[in-house]
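The values are calculated or read from the model by the stated rules, or taken from the named source; none is laboratory data. Owing to the predicted nature of the structure, the values given are computational and were not obtained by experimental measurement. Glycine gets a Cβ as well: all are built from the backbone with ideal geometry, and neighbour counts include every protein chain shown. SASA here: full protein model, heavy atoms, side chains in, ligands and nucleic acids out. Shrake-Rupley method; radii C 1.70, N 1.55, O 1.52, S 1.80 Å.
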Amino acid sequence: MRTKVLFVCYGNICRSPIAEFVFRDMVSAEGLSDRIVTASCATSAEHIGDPVDRRSRAELERHGISCDGKRGRRLTRDDYSEYDYIIGMDRRNLEYIRTMAPSPDCCRMGMLMDYAGGGEVADPWYTGDFGRAYSDIERGCAGLLDHIRREVL
Ligand code: 4NP
C-alpha cells in the first residue's frame, strides 16, 4: 500500500507546487519513493493548465529541484478516494477541501503547517515573499514526512 498526499492551494501555481516537488524530493532522499506518492492542485479554476509561477520555479531551482512539466489542475471529487492526505496551505483552502469532501472521514484533511507548529503558509502571490513561503513549506513537508513515517509506514 502506498500513502498518497495531495497538496492544495488557491491557484496551484505558487505554494502547492513547491510543496509537491519539495515533498517528493524529501521522500526520494529517504528512499521512500515506492511508498509515498504526491501531487498538487488548486481550489480555483483560474490557472488550470498553467505552468508553475516563475518565482516559485526560481525558489525550487535554487534548491536544485525541477518542476518541469507541472501544470495547474483543480481539485476533483475523485481525489477524495484517491488520496490519503489532502493538505491545504491556508484556512480558506482547508475550508474548501472540507466543503467538497464526500464525507468527513474519507481521508485526512488538514493544513501543512499543522505538521510544523501550526499557522498558514502566507500566499506569496500577495506577500511577494517566495523565500518565506519556501522555507515554511520545507518545514511543513519535513513534519508531514515524520508524521507519515511514525503513523503510517
Ligand atoms: P497559490 O497563489 O494559491 O499559492 O498558487 C495564487 C496564485 C494565483 C492567484 C492567487 C494566489 N490568483 O488570484 O490568480
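Please compute the modelled spin-label separation between ILE48 and SER135, points set 7 Å along Cα→Cβ, answer in nm with one decimal.
3.7 nm
For segment 3-151, what does the alpha-carbon gyration tensor say about shape, rounded, prolate or oblate, given a ≥ b ≥ c as the root eigenvalues, a/c under 1.5 as rounded, and a/b over b/c as prolate?
Because its axes are fairly even, with a/c under 1.5, segment 3-151 counts as rounded.
Quick check on segment 3-151: of the DSSP beta bridges with both residues there, what percent are antiparallel, nearest 5%?
5 percent
What is the local net charge at VAL8, summed over the other residues whose Cβ is closer than 15 Å to its Cβ (Lys, Arg +1; Asp, Glu -1)?
Once positives and negatives cancel, what remains is -1.
Pull up all non-local amide H partners of GLY72: gap of 5 or more, or a different chain, and H-to-H distance under 5 Å with H placed in the peptide plane.
GLY49, ASP50
With r defined as the distance between the Cβ atoms of ARG91 and ILE65 and R0 fixed at 35 Å, what FRET efficiency is calculated, to the nearest 0.05?
So the FRET efficiency works out to roughly 0.85.
Run the simple label-point estimate for ASP78 and ARG98 please: 7 Å along Cα→C-beta, distance reported in nm.
About 2.7 nm, to one decimal.
With every protein chain left in place and a probe of 1.4 Å, what is the accessible surface of ASP78, to the nearest 10 Å²?
Ignoring ligands and nucleic acids, ASP78 comes out at about 110 Å².
If we count every other residue with Cβ under 10 angstrom of ASP90's Cβ, Lys/Arg +1 and Asp/Glu -1, where does the sum land?
Taking every other residue near ASP90 into account, the sum is 0.
Kindly report, to the nearest 10 Å², the accessible surface of ILE65 as traced by a 1.4 Å probe over protein heavy atoms only.
Taking all protein chains as shown, ILE65 has close to 20 Å².
Compute the longest continuous run of the chain that contains no exposed trypsin sites (Lys or Arg not before Pro); treat a site as exposed when its DSSP state is not H, G, I, E or B and it has at most 14 other Cβ atoms within 10 Å.
The longest uninterrupted stretch comes out as 78-153.
Using a simple charge model, +1 on the beta-carbon of Lys and Arg, -1 on the beta-carbon of Asp and Glu, nothing else, what dipole does the chain show about its Cα centre, in debye to the nearest 20?
My answer is approximately 140 debye.
What list of ³J(HN,Hα) couplings, whole Hz, do you get for segment 91-101 from phi and the Karplus terms 6.51, -1.76, 1.60, once you set θ to phi - 60° and write x for glycine and proline?
Taking θ as phi minus 60°, the curve returns 5, 5, 4, 5, 4, 5, 4, 5, 5, 7, 5 Hz for segment 91-101.
Quick one: net charge of ASP136's neighbours, Cβ under 13 Å, K/R +1, D/E -1?
Combined, the nearby Lys, Arg, Asp and Glu give -4.
When the Karplus curve 6.51 cos²θ - 1.76 cosθ + 1.60 is applied with θ = phi - 60°, which whole-Hz ³J(HN,Hα) does each residue of segment 79-87 get, with x for Gly and Pro?
Running phi through 6.51 cos²θ - 1.76 cosθ + 1.60 with θ = phi - 60° gives 4, 6, 8, 7, 9, 7, 10, 10, 10 Hz.
Hey, can you find the accessible area per residue of the chain for me, probe 1.4 Å, expressed in square angstrom?
49 Å²
Given Cα pairs under 8 Å that are at least 6 residues apart, what percent is the relative contact order of the chain?
Relative contact order, the chain: 27 percent.
From Cα pairs below 8 angstrom and at least 6 apart in sequence, can you work out the relative contact order of segment 41-108, rounded to a whole percent?
Normalised by residue count, the contact order of segment 41-108 is 34 percent.
At ALA29 and ALA58, where each label point lies 7 Å from the Cα along Cα→Cβ, what is the point-to-point distance in nanometres?
Computed distance between label sites ALA29 and ALA58 equals 2.3 nm.
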